[in-house]
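Accompanying notes for the structure given below.
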Amino acid sequence: MYKLATRLKPILLFIVLSGSVILSGQNRQQNRNQQRYRGNSDETLNIICSFSDYASITKRIVGSYGNVQHIAHGEQDPHFVSPKPSYSMMLRDADLWITTGMDLEVWSTTILDKARNRQIMDGEIGFVSVSDGVKVLQKVEKADRTEGDIHLMGNPHITTGPLNWKVIAANITTGLIKVDPSNASYYQANMEAFNDQVDRAMFGDELIDIFKGEMLSKLLENNTLFTFLEEEYQGEKLIEKLGGWLKQMEPLRGKKIVAYHKNWVYFIETFDLEIVGYIEPKPGIPPSAKHVQHMIQTIHDQNIKLMLVASYFEKSSARMIEDKTGIKAVYLPLFVQGSPEINDNFQLVDYWIDQVKMHIQ
Ligand SMILES: [Zn+2]
């Protein structure tokens with residue numbers, strides 16, 4: 001036994017030594033990966049987002065560890081962005097490319113091809129699709145581009161629903177952790193702080209101090225929140241404790257409106273407004289005279305007072321409908337920085353709610 005052990009000694013020593021060589025080789029590889037994923041020499045992550053709303057959320061989560069830029073201007077139609085060479089230059093050195101997915105950024109294919117940055121292509125480590133896990137509305141049975149419809153994977157304007165921001169933030173956080181795992185807990189903590197702000201903005205502090213935001217969000221998504229708030233808690237109905245945007249919008253629940261394009265479906269669903277029609281017959285298809293006439297009749301018949309129009313649309317059809325019906329067209333920026341005073345997602349929804357309340361009464 002002893003002899004065998006003595007004979008095995010050099011072999012064991014070899015295994016131990018070569019093991020440590022393999023291990024240190026792995027460490028070196030990890031370090032190399034780390035350096036590559038950290039991108040710039042100053043170790044600041046270089047992050048490019050398609051839209052300002054995602055940039056605003058990303059800045060909250062990445063803090064000082066990343067330099068965040070976005071491509072489309074806040075006042076642009078998100079479906080149609082001209083692929084400039086400067087956008088490809090931005091993407092060339094990006095560590096992360098943050099996009100909606102759902103074909104909203106069909107324009108990004110060209111700039112990505114020209115950027116020649118494999119790390120940020122779909123399926124690679126630096127690619128983030130923020131719509132993953134969002135409960136998508138207006139899903140289509142069968143995608144058919146021949147009629148010009150541009151919402152082929154369901155409604156991609158997910159930023160108009162504040163609860164979606166939490167899913168968006170989670171996807172961004174996952175992306176950040178993939179390219180920079182050493183700061184995972186920092187990104188996680190920032191995401192949780194952001195989510196708490198979303199919950200408090202939606203439901204108000206009083207309810208959030210009693211119930212978890214996650215639970216209240218689920219109730220809202222299942223259309224059972226207001227039934228739940230009829231229950232009593234410490235001698236008064238829970239509805240008395242409701243605050244935030246839901247409280248502000250509560251008197252408008254069930255109010256009928258029209259919209260130009262299907263931009264606001266998540267906002268409308270969240271605050272329980274009722275949409276009775278769209279000026280565009282299908283997303284991306286300009287209204288025909290016949291369809292406009294039909295909408296004018298609908299507005300008259302149902303006494304609709306408000307039409308939501310994203311501020312980037314041409315205004316002639318909306319103005320003509322205003323003239324013929326007396327309805328008020330409210331032009332709203334769809335994105336952060338769509339108007340100079342709107343610097344983050346919270347200010348954007350504050351603005352939408354102020355405008356809607358001002359004109360629907
Ligand atoms: Zn659209």
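The values are calculated or read from the model by the stated rules, or taken from the named source; none is laboratory data. This is a predicted model, so every value here is computed, not measured. Glycine gets a Cβ as well: all are built from the backbone with ideal geometry, and neighbour counts include every protein chain shown.
When residue 100 is tested against (1) within 26 Å of residue 311 (Cα to Cα); (2) more than 19 Å from the chain's Cα centre (by Cα), only condition (2) is not met.
When you check residue 159 against the structure, is it buried (at least 21 other Cβ atoms within 10 Å of the Cβ), within 16 Å of the ligand (Cβ to nearest atom) and more than 27 Å from residue 181 (Cβ to Cβ), yes or no? Answer is yes for this residue.
Considering only residues that are without any contact (Cβ under 8 Å) to a residue 60 or more places away in the chain and within 30 Å of the chain's Cα centre (by Cα), which ones fall in the stretch 301-315? Within the stretch 301-315, 304, 305, 306, 307, 308, 309, 314, 315 qualify.
Among the residues here, residue 187 does not qualify as more than 18 Å from residue 353 (Cβ to Cβ) and within 16 Å of the ligand (Cβ to nearest atom). When restricted to residues that are in contact (Cβ under 8 Å) with a residue 60 or more places away in the chain and under 23 Å from the mean Cα position of the chain (by Cα), the stretch 234-257 contains 3.
Evaluated against (1) loosely packed, with under 15 Cβ neighbours inside 10 Å; (2) at pLDDT below 95, residue 274 falls short on exactly one condition, (2). Against the list (1) away from the ligand (no atom under 12 Å from the Cβ); (2) within 29 Å of residue 166 (Cα to Cα); (3) of a type in the set (A, V, I, L, M, F, W, C), the condition residue 259 fails is (1). For the stretch 313-342, the set of residues classified as aromatic (Phe, Trp, Tyr) and touching a Lys or Arg at 6+ places or on another chain (Cβ under 8 Å) consists of 331 only. Please determine whether any residue of the stretch 106-126 is of a type outside the set (A, V, I, L, M, F, W, C), within 16 Å of the ligand (Cβ to nearest atom) and either outside any loop (DSSP other than H, G, I, E, B) or closer than 27 Å to residue 346 by Cα (or both). Within the stretch 106-126, one or more residues are of a type outside the set (A, V, I, L, M, F, W, C), within 16 Å of the ligand (Cβ to nearest atom) and either outside any loop (DSSP other than H, G, I, E, B) or closer than 27 Å to residue 346 by Cα (or both). In the set (1) within 16 Å of the ligand (Cβ to nearest atom); (2) in a strand (DSSP E or B), the condition left unmet by residue 103 is number (2).
The single condition among (1) closer than 26 Å to residue 169 by Cβ; (2) at pLDDT 95 or above that residue 75 does not satisfy is (2). For beta carbons closer than 6 Å, sequence separation of 6+ or different chains, a first residue in the stretch 65-82 that is within 30 Å of residue 185 (Cβ to Cβ) and surrounded by 19 or more Cβ atoms within 10 Å (Cβ to Cβ) and a second that is β-branched (Val, Ile, Thr) and at pLDDT 95 or above, the qualifying pairs are 66/47; 68/47; 68/58.
Any residue that is among the small types (Gly, Ala, Ser) and touching a residue at least 24 places away in the same chain (Cβ under 8 Å) - is there at least one of those in the stretch 262-277?
no
Looking at this structure, is residue 287 within 16 Å of the ligand (Cβ to nearest atom), surrounded by 14 or more Cβ atoms within 10 Å (Cβ to Cβ) and over 25 Å from the mean Cα position of the chain (by Cα)? Yes; evaluated as a whole, the condition is true for this residue. Answer with yes or no whether residue 301 is away from the ligand (no atom under 16 Å from the Cβ), exposed (fewer than 14 other Cβ atoms within 10 Å of the Cβ) and either modelled with pLDDT of 90 or more or in a helix (DSSP H, G or I) (or both). For residue 301, the condition - away from the ligand (no atom under 16 Å from the Cβ), exposed (fewer than 14 other Cβ atoms within 10 Å of the Cβ) and either modelled with pLDDT of 90 or more or in a helix (DSSP H, G or I) (or both) - is met. Residues in the stretch 136-181 that are farther than 26 Å from residue 356 by Cα and modelled with pLDDT of 95 or more: 13 in all.
Residues in the stretch 343-361 that are charged (D, E, K, R) and under 18 Å from the mean Cα position of the chain (by Cα): 344, 350. The residues of the stretch 343-361 that are in contact (Cβ under 8 Å) with a residue 40 or more places away in the chain, of a type in the set (S, T, N, Q) and part of a helix (DSSP H, G or I) amount to a single one, 345.
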